[in-house]
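Laboratory data are not the source of any read-out in this text; all were calculated from the coordinates shown. Quick caveat: nothing in here was measured; it's all calculated off a predicted structure. We place every Cβ from the backbone using ideal geometry, glycine too, and count neighbours over all the protein chains shown.
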Amino acid sequence: MYYVNRESIDLRLASIPDVAQALSEAASDWKGTLTQGLAQERALHLAIEIVTDVGSSLIDGFIMRDASSYEDIVDIIAGEGVVPAEVADTLRRLVSLRKPLVQEYYDWPRHELHPLTPDMPGVLTRFGEQVKQYLHNELDT
């Protein structure tokens, strides 16, 4: 029997609409202001944390192999069928931004719209739907 902390996963997935909206608004109204840049950074960072927190919870709950990196979290959940390859590719690119956003923030080009920003609202929404479907298939049937 698996112990999957669905409450924790659901709380994180519930953040997706706000993060997706922030990224969508940044992409549609980009002027390169400092405030927009900082908001984009935070929204990308939150997107990363949602993906890695949910991925880690799935890995722990379903006793999948241990992840060695943030990118590996995405590889594992893709390998287990939680998300398809095209979503995993984008999520891998997203989580690779964690170090620059968190540790090298002083060098982040905050006046530029990051190329992932316009794509992330749809990808995050799909990620949330796919995680819910995976949980339903694995636990509710």
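Being more than 12 Å from the chain's Cα centre (by Cα), surrounded by fewer than 18 Cβ atoms within 10 Å (Cβ to Cβ) and aliphatic (A, V, I, L, M) is the requirement here; does residue 14 meet it? Step through it out loud before you land on a result.
Numbers: more than 12 Å from the chain's Cα centre (by Cα): yes; surrounded by fewer than 18 Cβ atoms within 10 Å (Cβ to Cβ): yes; aliphatic (A, V, I, L, M): yes.
Yes; evaluated as a whole, the condition is true for this residue.
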Q | Residue count for region 91-108, restricted to those that are farther than 14 Å from residue 46 by Cα and either touching a residue at least 24 places away in the same chain (Cβ under 8 Å) or exposed (fewer than 14 other Cβ atoms within 10 Å of the Cβ) (or both) | A | 6
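Each row is one residue, and each column tells you yes or no for (1) touching a strand residue (DSSP E or B) at 6+ places or on another chain (Cβ under 8 Å); (2) surrounded by 19 or more Cβ atoms within 10 Å (Cβ to Cβ); (3) over 22 Å from residue 5 (Cβ atoms).
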residue: 33; (1), (2), (3): no, no, yes
residue: 44; (1), (2), (3): no, yes, yes
residue: 51; (1), (2), (3): no, yes, no
residue: 55; (1), (2), (3): no, yes, no
residue: 58; (1), (2), (3): no, yes, no
residue: 72; (1), (2), (3): no, no, no
residue: 80; (1), (2), (3): no, no, no
residue: 83; (1), (2), (3): no, yes, no
residue: 86; (1), (2), (3): no, no, yes
Q | Residue pairs meeting the criteria (Cβ under 6 Å; at least 6 apart or on separate chains; first under 15 Å from residue 138 (Cβ atoms) and touching a residue at least 24 places away in the same chain (Cβ under 8 Å), in region 3-24; second of a type in the set (S, T, N, Q) and in a helix (DSSP H, G or I)) | A | 5/57; 9/57
Q) Which of (1) more than 16 Å from residue 45 (Cα to Cα); (2) in contact with an Asp or Glu (Cβ under 8 Å, 6 or more places away or on another chain); (3) surrounded by fewer than 18 Cβ atoms within 10 Å (Cβ to Cβ) is the odd one out, the single condition residue 62 does not satisfy? A) (3)
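Please list, ordered by residue number, the helices (runs of 4 or more DSSP H) wholly in region 29-117 having 3 or more residues that are under 15 Å from the mean Cα position of the chain (by Cα) and over 19 Å from residue 9 (Cα atoms). Walk me through how you get there before you give the answer.
Working: elements: 34-61, 70-79, 85-95, 98-102.
Hits in region 29-117: 34-61, 85-95, 98-102.
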Q. When region 118-141 is examined, which residues are found to be surrounded by fewer than 16 Cβ atoms within 10 Å (Cβ to Cβ), more than 16 Å from the chain's Cα centre (by Cα) and closer than 15 Å to residue 9 by Cα?
A. 133, 136, 139
